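Everything below concerns the one structure shown next.
The values are calculated or read from the model by the stated rules, or taken from the named source; none is laboratory data. Since we're looking at a predicted model, the values are computed, not measured. Glycine gets a Cβ as well: all are built from the backbone with ideal geometry, and neighbour counts include every protein chain shown. The protein model used for the area step is the full one, side chains on, heavy atoms only, and it has no ligands, DNA or RNA in it. Shrake-Rupley method; radii C 1.70, N 1.55, O 1.52, S 1.80 Å.
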Amino acid sequence: MKKEIYEEAASQGFSDWEIYSVNGSSFEAQILKGQVREYKNSAPSGLSFRGTYNGKMGYAYTEKMESDVVKPLVSMAKENAIIKEEGEVEELFKGSPSYPEIEGLRPALGQVSAAQKIEMAKEMERIALSLDKRVVAADYCIIRAGENRVSIANSAGLDLSDESGNGVAGVVVRVVDGNSTKVGMEIWGGKDFSTFNAEAIAKEAVSEAIKKLGATSIKSGDYKVMFKNEVFANLFSVFLSNFFAETVQKGFSLLKDKVGEQIANPLLTVRDNISHPLSLSAASFDSEGVAVRDKVVIENGVLKTYLYNLKAAKKDGTQSTGNGFKSSFKGDIRTNVNNFFIEAGKTPFEEMMKSFSGVLITDLQGLHSGANSISGDFSLQAEGFLIENGEVVKPVEQITVAGNFYTFLKNITQIADNLHFYPFAQIGSPAVLAEGLKIAGE
């Protein structure tokens with residue numbers, strides 16, 4: 001099909017062209033009360049075509065991967081190029097000098113049948129419901145698996161492909177004790193199912209929910225605040241775009257002209273790497289065909305670089321950092337991360353907790369409505385625990401934590417060693433302790 005598209009593009013007068021294709025498989029099963037509530041098993045695929053016609057780039061895409069779509073696909077791209085307004089000339093990427101090797105698809109992933117995966121999810125639910133009489137329901141129980149092959153080829157000689165795959169499973173339980181009702185969740189992820197443990201997942205979800213029972217508010221005031229690892233990763237993700245060159249160029253980031261300056265406590269180092277042992281994500285090239293590479297974004301508190309796609313790099317007269325990605329074969333190129341994480345500290349989390357007095361935040365709500373990604377200000381509903389000298393005084397709810405992201409980075413006082421990547425994301429963080437945040441409660 002690639003050969004047919006190339007020949008058709010040449011015959012219709014394109015001076016250059018590129019194909020971006022995705023082929024994969026996707027499985028998902030949701031369990032409720034021992035029965036399959038929802039089941040999906042599909043093979044999503046599609047490709048996008050772009051090419052230059054009379055100096056303007058035209059785009060088109062199709063979900064049908066058959067020869068009879070070749071001519072209309074190229075014709076649509078030609079029509080889009082003709083009606084496109086004059087603008088910056090887009091160029092196809094010829095390729096990087098070399099590409100990193102990554103671990104591809106694990107054959108063991110596909111050796112677990114659909115029936116086995118469904119039984120694994122049912123086991124999670126059964127165990128969760130049996131662990132404690134206060135568990136009244138498993139409101140959400142899911143298992144997923146997916147494989148993906150991404151390919152890019154163009155008339156400039158680029159011809160690349162990556163394969164990947166992973167599995168994800170999780171359960172959300174609801175517990176009731178008197179007038180107190182709480183939920184707990186645990187998510188597991190892996191590149192195959194060898195480390196899946198239904199009992200461990202269920203126990204963690206139930207334990208999390210039970211710990212929250214009887215939660216109350218606390219008095220408003222200034223507290224030392226420690227964010228649980230996955231919670232701070234979620235908070236950081238809200239402000240991630242401030243590190244993107246295209247955001248800086250548009251004037252929507254307060255990090256403009258800050259490269260080389262101290263923007264955070266020297267304890268903080270942030271990286272965006274090709275892969276990480278704790279993450280499910282890995283890629284050797286981005287959606288523009290640029291080689292992905294390891295980068296230090298913040299080093300000992302100093303901003304070292306923005307993240308670039310080709311367009312933003314050209315505007316700044318520099319090279320792409322391999323961060324130009326599509327959300328799907330239908331999407332446009334946008335800046336995104338590979339494996340963006342705060343480097344783990346040297347202090348064990350348990351040791352940090354022993355000397356901690358303040359509020360441990362274990363959940364944040366309203367991340368996008370309660371945070372201004374440009375100014376850095378945030379005011380978010382939160383849950384967690386009041387801690388005194390390392391001991392849990394009580395679970396806490398109905399509080400609001402407020403501060404400023406940029407100020408927070410400077411006020412970090414400790415970083416734990418428990419780096420964690422949430423299975424659904426490409427952002428990781430250890431637990432982080434800081435001062436200067438305000439807690440609003442009673």
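Name the one entry in ASN166, ASN197, ASN154 that is in contact with a strand residue (DSSP E or B) (Cβ under 6 Å, 6 or more places away or on another chain) and not assigned by TED's automatic domain parsing to the domain that holds PRO348.
ASN154
Has the range 279-289 got any residue that is part of a loop (DSSP other than H, G, I, E, B) and touching a Lys or Arg at 6+ places or on another chain (Cβ under 8 Å)? Lay out the reasoning, then the answer.
First, pick out the residues of the range 279-289 that are part of a loop (DSSP other than H, G, I, E, B): 279-281, 283-284, 286-289.
Among the residues that remain, those that are also touching a Lys or Arg at 6+ places or on another chain (Cβ under 8 Å) are: 280, 287.
The answer is yes; a qualifying residue exists.
If MET124 meets every condition in (1) outside the structural domain of LEU360 (by TED's automatic domain parsing); (2) within 30 Å of LEU437 (Cα to Cα); (3) not in a strand (DSSP E or B) apart from one, which number is that one?
With (1) outside the structural domain of LEU360 (by TED's automatic domain parsing); (2) within 30 Å of LEU437 (Cα to Cα); (3) not in a strand (DSSP E or B) applied to MET124, the lone miss is (2).
If you take just the strands (runs of 3 or more DSSP E) that sit entirely in the range 1-114, which of them hold at least 1 residues that are open to solvent by less than 40 Å² (accessible area, probe 1.4 Å)?
16-32, 45-53, 56-62
If you scan the range 368-406, which residues turn out to be open to solvent by less than 30 Å² (accessible area, probe 1.4 Å), outside any strand (DSSP E or B) and touching a residue at least 12 places away in the same chain (Cβ under 8 Å)?
Across the range 368-406, the qualifying residues are GLY376, GLY390, PHE405.
When residues of the range 181-204 are filtered for being assigned to a helix (DSSP H, G or I), open to solvent by 30 Å² or more (accessible area, probe 1.4 Å), in contact with a helix residue (DSSP H, G or I) (Cβ under 9 Å, 6 or more places away or on another chain) and of a type in the set (Gly, Ala, Ser), how many remain?
So the count comes out to 0.
Is it the case that ALA209 is in contact (Cβ under 8 Å) with a residue 40 or more places away in the chain, assigned to a helix (DSSP H, G or I), touching a Gly at 6+ places or on another chain (Cβ under 7 Å) and not polar (S, T, N, Q)?
Yes.
Please state which one of PHE408, PHE349, PHE424, PHE385 is among the hydrophobic types (A, V, I, L, M, F, W, C) and more than 23 Å from GLY184 (Cα to Cα).
Only one candidate qualifies: PHE408.
What's the number of the only condition in (1) closer than 28 Å to GLY390 by Cβ; (2) at pLDDT below 95; (3) open to solvent by less than 50 Å² (accessible area, probe 1.4 Å); (4) of a type outside the set (Gly, Ala, Ser) that LEU280 fails to meet?
(1)
So is GLN262 open to solvent by 30 Å² or more (accessible area, probe 1.4 Å), more than 23 Å from GLY331 (Cβ to Cβ), outside the structural domain of LEU131 (by TED's automatic domain parsing) and modelled with pLDDT of 95 or more or not?
yes
So which residues in the range 292-307 are more than 16 Å from THR335 (Cβ to Cβ) and open to solvent by 10 Å² or more (accessible area, probe 1.4 Å), if there are any at all?
ASP294, VAL296, GLU299, ASN300, VAL302, LYS304
Out of everything in the range 308-365 that is acidic (Asp, Glu) and either assigned to a loop (DSSP other than H, G, I, E, B) or open to solvent by 70 Å² or more (accessible area, probe 1.4 Å) (or both), what residue ends up being farthest from LEU267 (Cα to Cα)?
So the residue we want is ASP332.
Mind listing whichever residues of the range 287-303 are in contact with a helix residue (DSSP H, G or I) (Cβ under 7 Å, 6 or more places away or on another chain) and not charged (D, E, K, R)?
Scanning the range 287-303 gives VAL290, VAL297.
For the range 326-367, which residues satisfy the criterion of being touching a residue at least 60 places away in the same chain (Cβ under 8 Å) and among the hydroxyl-bearing types (Ser, Thr, Tyr)?
Across the range 326-367, the qualifying residues are SER328, THR335, THR347, SER357, THR362.
When the range 265-277 is examined, which residues are found to be outside any loop (DSSP other than H, G, I, E, B) and at pLDDT below 95?
Taking the range 265-277 as the starting set, the residues that turn out to be outside any loop (DSSP other than H, G, I, E, B) are 270-273, 275.
SER275 - this is the single residue of the range 265-277 that is outside any loop (DSSP other than H, G, I, E, B) and at pLDDT below 95.
Only one residue in ASN338, ASN372 is touching a strand residue (DSSP E or B) at 6+ places or on another chain (Cβ under 8 Å) and over 23 Å from GLY436 (Cβ atoms). Which one? Outline the logic, then answer.
Numbers: ASN372 fails: over 23 Å from GLY436 (Cβ atoms).
Testing whether each residue is touching a strand residue (DSSP E or B) at 6+ places or on another chain (Cβ under 8 Å) and over 23 Å from GLY436 (Cβ atoms) leaves just ASN338.
Does the range 135-148 contain any residue that is among the hydrophobic types (A, V, I, L, M, F, W, C), open to solvent by 30 Å² or more (accessible area, probe 1.4 Å) and either assigned to a helix (DSSP H, G or I) or in the same structural domain as VAL36 (by TED's automatic domain parsing) (or both)?
Looking for residues that are among the hydrophobic types (A, V, I, L, M, F, W, C), open to solvent by 30 Å² or more (accessible area, probe 1.4 Å) and either assigned to a helix (DSSP H, G or I) or in the same structural domain as VAL36 (by TED's automatic domain parsing) (or both), one finds at least one in the range 135-148, hence yes.
Which ones in the range 125-161 are over 30 Å from TRP17 (Cα atoms) and of a type in the set (Lys, Arg)?
ARG126, LYS133, ARG134, ARG144
Of all residues in the range 245-260, which are in contact with a strand residue (DSSP E or B) (Cβ under 6 Å, 6 or more places away or on another chain) and either within 15 Å of GLY376 (Cβ to Cβ) or of a type outside the set (A, V, I, L, M, F, W, C) (or both)?
Within the range 245-260, the first condition is being in contact with a strand residue (DSSP E or B) (Cβ under 6 Å, 6 or more places away or on another chain), and the residues that meet it are 246, 258-259.
The answer is GLU246, LYS258.
Yes or no, residue by residue, for (1) closer than 30 Å to GLN249 by Cβ; (2) among the hydrophobic types (A, V, I, L, M, F, W, C); (3) more than 21 Å from the chain's Cα centre (by Cα); (4) in the same structural domain as ILE298 (by TED's automatic domain parsing):
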site: ASP332; (1), (2), (3), (4): yes, no, no, yes
site: ILE342; (1), (2), (3), (4): yes, yes, no, yes
site: ASP363; (1), (2), (3), (4): no, no, no, yes
site: GLY366; (1), (2), (3), (4): yes, no, no, yes
site: SER369; (1), (2), (3), (4): yes, no, no, yes
site: ASN372; (1), (2), (3), (4): yes, no, no, yes
site: GLU391; (1), (2), (3), (4): no, no, yes, yes
